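Bear in mind that the values in this text are calculations on the coordinates, not laboratory data. Bear in mind that the values here come from a model prediction, so they are computed numbers and not experimental data. We place every Cβ from the backbone using ideal geometry, glycine too, and count neighbours over all the protein chains shown.
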Amino acid sequence: MIILAGHLKTSPDFVFDLANTLRALVEPTLKENGCLNYHFAIDSEEEGTVLVYERWRDQDSLSMHLSQPSVTGVLGAWGDRIDTSGVRKFDASNERGFMD
């Protein structure tokens, strides 16, 4: 399983537009093969940060998602206005319940 988690950073002036743009991807992305979770939320309006949480069955599923025109379009349109360095990718195994 692949997990993407962290923060995207943009100008505080753009944070709501960025969050809305990303939220528009949620419904169709959740229908993609291999997508287990796909969520965004404004973390700090003042700092211009958006919380990212994605969970994918495997790298192939994530790679297919990243090649979708809707995703490449957003990344292209926002590429010079977002810092993605705060989002990290994790390989996960041994998934279990919160209290286990």
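I need a count of the residues in the stretch 49-100 that are basic (Lys, Arg), within 17 Å of THR10 (Cα to Cα) and in contact with a strand residue (DSSP E or B) (Cβ under 6 Å, 6 or more places away or on another chain).
Summing the residues that are basic (Lys, Arg), within 17 Å of THR10 (Cα to Cα) and in contact with a strand residue (DSSP E or B) (Cβ under 6 Å, 6 or more places away or on another chain) in the stretch 49-100 gives 1.
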(message) Take the conditions touching an Asp or Glu at 6+ places or on another chain (Cβ under 8 Å), crowded, with 18+ Cβ neighbours inside 10 Å and either at negative phi or not β-branched (Val, Ile, Thr) (or both) and apply them to VAL50. Does it pass?
(response) yes
(message) Just to be sure I understand the filter: pairs with C-beta atoms under 9 Å, separated by 6 or more residues or on different chains, first member in the stretch 1-30 and free of Cβ contacts under 8 Å to residues at least 24 places away in the same chain, second member hydroxyl-bearing (Ser, Thr, Tyr) and buried (at least 18 other Cβ atoms within 10 Å of the Cβ). Which pairs pass?
(response) ASP17/THR10; VAL26/TYR38; LEU30/TYR38
(request) Scan the stretch 61-83 and report the pairs whose first residue is touching a residue at least 24 places away in the same chain (Cβ under 8 Å) and within 15 Å of LYS31 (Cα to Cα) and whose second residue is surrounded by 12 or more Cβ atoms within 10 Å (Cβ to Cβ) and among the small types (Gly, Ala, Ser), with Cβ atoms within less than 7 Å and a gap of 6+ or a chain change. (result) SER61/GLY34
(request) For the stretch 61-73, indicate whether the set of residues that are closer than 16 Å to PHE90 by Cα and over 11 Å from the mean Cα position of the chain (by Cα) is non-empty. (result) yes
(message) Can you report the number of residues in the stretch 53-100 which are surrounded by 11 or more Cβ atoms within 10 Å (Cβ to Cβ), of a type in the set (Ser, Thr, Tyr) and touching a Gly at 6+ places or on another chain (Cβ under 9 Å)?
(response) 3
(request) At least 2 residues that are of a type in the set (S, T, N, Q) and out of contact with any helix residue (DSSP H, G or I) (no Cβ under 6 Å at 6 or more places or on another chain) in each: list the strands (runs of 3 or more DSSP E) lying fully within the chain that qualify. (result) 35-44
(request) Test THR21 against the criterion of being surrounded by 18 or more Cβ atoms within 10 Å (Cβ to Cβ) and among the polar types (S, T, N, Q), and give yes or no. (result) no
